[in-house]
1. For the stretch 245-255, how many residues meet the condition of being surrounded by 21 or more Cβ atoms within 10 Å (Cβ to Cβ) and within 14 Å of the chain's Cα centre (by Cα)?
2. For residue 180, are the conditions met, namely being β-branched (Val, Ile, Thr), under 25 Å from residue 2 (Cα atoms) and in a loop (DSSP other than H, G, I, E, B)?
3. Quick one: which residue in 173, 217 is surrounded by fewer than 22 Cβ atoms within 10 Å (Cβ to Cβ) and either at pLDDT 95 or above or touching a helix residue (DSSP H, G or I) at 6+ places or on another chain (Cβ under 9 Å) (or both)?
4. Within the stretch 220-245, restricting attention to residues that are out of contact with any Leu (no Cβ under 9 Å at 6 or more places or on another chain) and closer than 30 Å to residue 123 by Cα, which residue is modelled with the lowest pLDDT?
5. In the stretch 22-45, what residues are under 28 Å from residue 117 (Cα atoms) and either part of a loop (DSSP other than H, G, I, E, B) or small (Gly, Ala, Ser) (or both)?
6. Considering only residues of the stretch 132-151 that are in contact (Cβ under 8 Å) with a residue 40 or more places away in the chain and surrounded by fewer than 18 Cβ atoms within 10 Å (Cβ to Cβ), which is nearest to residue 106 (Cα to Cα)?
7. Given the criteria at negative phi, surrounded by fewer than 21 Cβ atoms within 10 Å (Cβ to Cβ) and free of Cβ contacts under 8 Å to residues at least 24 places away in the same chain, does residue 74 qualify?
8. Go through the residues of the stretch 43-64 one by one and say whether even a single one is at positive phi and loosely packed, with under 13 Cβ neighbours inside 10 Å.
Amino acid sequence: MRIVRYQAGKQSPRYGWVHKEKIGDIQGDLYGEFRRSEAQIPLSEVLLLAPSQPSKIICIGRNYVEHAREHNVEVPEVPLFFLKPPSAVIASGDDIILPQLSVQVEHEGELVVVIGKRGRYITADEARAHILGYTIGNDVTARDLQCMDNQWTRSKGFDSFCPFGPWIDTEFDPSDAILTCRVNGQMRQMASTRDLVFPVNTLIAYISSVMTLEPGDLIFTGTPAGVGSLTAGDVVEVEIEGLGNLRNPVAAESI
């Protein structure tokens, strides 16, 4: 099932499911018991929003060997993670805003895990039961600020630096899917999710040993090699085989 969060006209945002380019409502608790109504609303007639409202966004650094090599750093012995604020979230189709504080903003296409069940000290064997599904993300990064700072909060945390969507796929298999990132149609990144240094189950076990994972939380699993700069007017697209396409224009900040 593909889950969306959408808005029709001036109505309040709601959750739905997609079938053959149409949406049906999800009534009840998305993370518990719910019912699905018949899919009748054309996708073309609604605004798709970011498909979850996370309490926190956990991102994994250097989780592809070639990405670590392109930055001349070692692959970590245990998962290296950091946080993005929920205020950074935007949906597919929204503008990535280039902040005036940075002169080197880069894309990082990623597979994203959406948590469906609360948990702490989750074992790797238990991890699947805590996953609602998967979506596509772009860990937008002000690379110049990342290199300047001793930690990554500022470089990763600007408003609009966390595009993800367009939906959550509950049946997606993350074991071996091709991830690509294109800017203005030109290939920048391509790798398989099988190349993750630390797979999804390991990440959930490790992160939950530190913090409680809540329904709707996101885990950005890391980006492959090929990250590159974005400029105003660009269009960046992250695609994952069998999962969909995340597309965002890029614009300069206006104050």
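The values are calculated or read from the model by the stated rules, or taken from the named source; none is laboratory data. Please read these numbers as outputs of a predicted model, since none were measured by experiment. With ideal geometry, Cβ positions are generated from the backbone for all residues, glycine too; neighbour counts draw on all protein chains shown.
1. 2
2. The answer is no for residue 180.
3. 173
4. Among those residues, the one meeting the criterion is 225.
5. Scanning the stretch 22-45 gives 24, 28, 29, 30, 31, 32, 33, 37, 38, 39.
6. Looking at the filtered set, the residue picked out is 144.
7. yes
8. No: zero hits.
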